[in-house]
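Student: The structure's right below; bear with me while I get my questions together.
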Amino acid sequence: METILSLFVLFLAIAYVEYRMKSVRRDSADDRTDAKDYFATKEEVRNAIRKLNEQMAEFHAATEERMASLEEKAFFTPAGEEKTVAPADVEEEQSDPSVVYFRWPADDGSFNDSQRQTVQTEETYYLFRLDDSRTRAEFSFVTMSDTQLSKANNSSKKYIERACNFAGAKSGRYACTPGRAHLERGRWIIDQKARIEYM
């Protein structure tokens, strides 16, 4: 009986030692896995930071290039330096001083002369061709794009009807017969509305 009991205790001792050995090996493996995960995560963070730095450098370079381009177009010069305008641009601006542009007429159909522009943009809808006295003009409704024309057609009371009569259903194609206006106390007063014919 003592022999059986001793064998049983020995068996339990061996089983416990095996269990502890397996537990130690498992803990050791988990520690190695945790260490691997830690170093892998650390490397991923480093890579992400490096990529972010590269993207920031590219963005900074693109911003610098864009700013340089805008400064050239605007003829920007630092304080204390003289502003220079390229001769070609002077010729272009002065090529036809009798042509000016306006956005849209006021509620009474007049155009404020102080709001005249020398170049056509997506925000100008009227071209004025001034006579030699610069107090009388023929004017036409003009647009640069389908989007601009669509905007005018959708709000025709604001953009069209104050200064123009029109015929036909509003569409993407039109012809304009000029109207006439005269300058009076800083405002262009319409003598005869322009006529738009949609095609």
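The values are calculated or read from the model by the stated rules, or taken from the named source; none is laboratory data. Since the structure is predicted, the reported quantities are computational estimates derived from the model, not experimental observations. Note that we place each Cβ from the backbone using ideal geometry, even for glycine, and neighbour counts take in every protein chain shown. Please note that ligands, DNA and RNA were not included when accessible areas were found on the heavy atoms of the full protein model with its side chains. Shrake-Rupley method; radii C 1.70, N 1.55, O 1.52, S 1.80 Å.
Student: Quick one: how many residues across region 158-168 are part of a strand (DSSP E or B) and open to solvent by 50 Å² or more (accessible area, probe 1.4 Å)?
Tutor: The initial filter retains those residues of region 158-168 that are part of a strand (DSSP E or B), namely 164-167.
If we keep only those that are open to solvent by 50 Å² or more (accessible area, probe 1.4 Å) as well, we get 165-166.
Qualifying residue count, region 158-168: 2.
Student: Out of Ser150, Ser171, Ser140, Ser155, which single residue is in contact with a Gly (Cβ under 8 Å, 6 or more places away or on another chain) and open to solvent by 30 Å² or more (accessible area, probe 1.4 Å)? Please lay out each step first, then the result.
Tutor: Numbers: Ser171 fails: in contact with a Gly (Cβ under 8 Å, 6 or more places away or on another chain); Ser140 fails: open to solvent by 30 Å² or more (accessible area, probe 1.4 Å); Ser155 fails: in contact with a Gly (Cβ under 8 Å, 6 or more places away or on another chain).
So the residue among Ser150, Ser171, Ser140, Ser155 that is in contact with a Gly (Cβ under 8 Å, 6 or more places away or on another chain) and open to solvent by 30 Å² or more (accessible area, probe 1.4 Å) is Ser150.
Student: From the list Thr135, Thr121, Thr177, which one is in contact with a strand residue (DSSP E or B) (Cβ under 9 Å, 6 or more places away or on another chain), open to solvent by less than 50 Å² (accessible area, probe 1.4 Å) and of a type outside the set (Lys, Arg)? Full working, then the answer.
Tutor: Numbers: Thr135 fails: open to solvent by less than 50 Å² (accessible area, probe 1.4 Å); Thr177 fails: open to solvent by less than 50 Å² (accessible area, probe 1.4 Å).
Answer to the selection: Thr121.
Student: Separate question: Quick one: Glu197 ticks every box in (1) surrounded by fewer than 19 Cβ atoms within 10 Å (Cβ to Cβ); (2) touching a Pro at 6+ places or on another chain (Cβ under 7 Å) except a single one, so which number is it?
Tutor: Going through (1) surrounded by fewer than 19 Cβ atoms within 10 Å (Cβ to Cβ); (2) touching a Pro at 6+ places or on another chain (Cβ under 7 Å) one by one, Glu197 breaks only (2).
Student: Contact list please: Cβ distance under 9 Å, first residue in region 118-143 and closer than 19 Å to Arg195 by Cβ and touching a residue at least 24 places away in the same chain (Cβ under 8 Å), second residue of a type in the set (Lys, Arg) and assigned to a strand (DSSP E or B), pairs at least six apart or on different chains.
Tutor: Taking only residues 6 or more apart or on different chains, the pairs are Arg136/Arg180; Ala137/Arg129; Ala137/Arg180; Glu138/Arg129; Glu138/Arg180; Phe139/Arg129; Phe139/Arg180; Ser140/Arg129.
Student: Would you mind telling me which numbered condition in (1) at pLDDT 95 or above; (2) at positive phi Gly109 fails?
Tutor: (1)
Student: Separate question: If Val119 satisfies every condition in (1) aliphatic (A, V, I, L, M); (2) over 23 Å from the mean Cα position of the chain (by Cα); (3) at pLDDT 90 or above but one, which is the exception?
Tutor: That leaves (2) as the condition not met.
Student: I'm checking my understanding of the structure. Among residues of region 152-199 that are free of Cβ contacts under 8 Å to residues at least 12 places away in the same chain and within 36 Å of the chain's Cα centre (by Cα), which one is farthest from Phe128 (Cα to Cα)? Lay out the reasoning, then the answer.
Tutor: As a first pass, look at region 152-199 and keep what is free of Cβ contacts under 8 Å to residues at least 12 places away in the same chain: 154-155, 157, 161, 184-185.
Among the residues that remain, those that are also within 36 Å of the chain's Cα centre (by Cα) are: 154-155, 157, 161.
Details: Asn154: 23, Ser155: 21, Lys157: 20, Glu161: 17 Å.
My answer is Asn154.
Student: Could you list, in sequence order, all residues of region 114-138 that are assigned to a loop (DSSP other than H, G, I, E, B) and closer than 22 Å to Gln148 by Cβ?
Tutor: So the first thing to find is which residues in region 114-138 are assigned to a loop (DSSP other than H, G, I, E, B), and the list is 116, 118-125, 131-135.
Listed by number, the residues that qualify are Arg116, Thr118, Val119, Gln120, Thr121, Glu122, Glu123, Thr124, Tyr125.
Student: Same structure again: Among the residues of region 127-156, what is the count of those that are out of contact with any Phe, Trp or Tyr (no Cβ under 9 Å at 6 or more places or on another chain) and among the charged types (D, E, K, R)?
Tutor: Adding up the residues that qualify gives 5.
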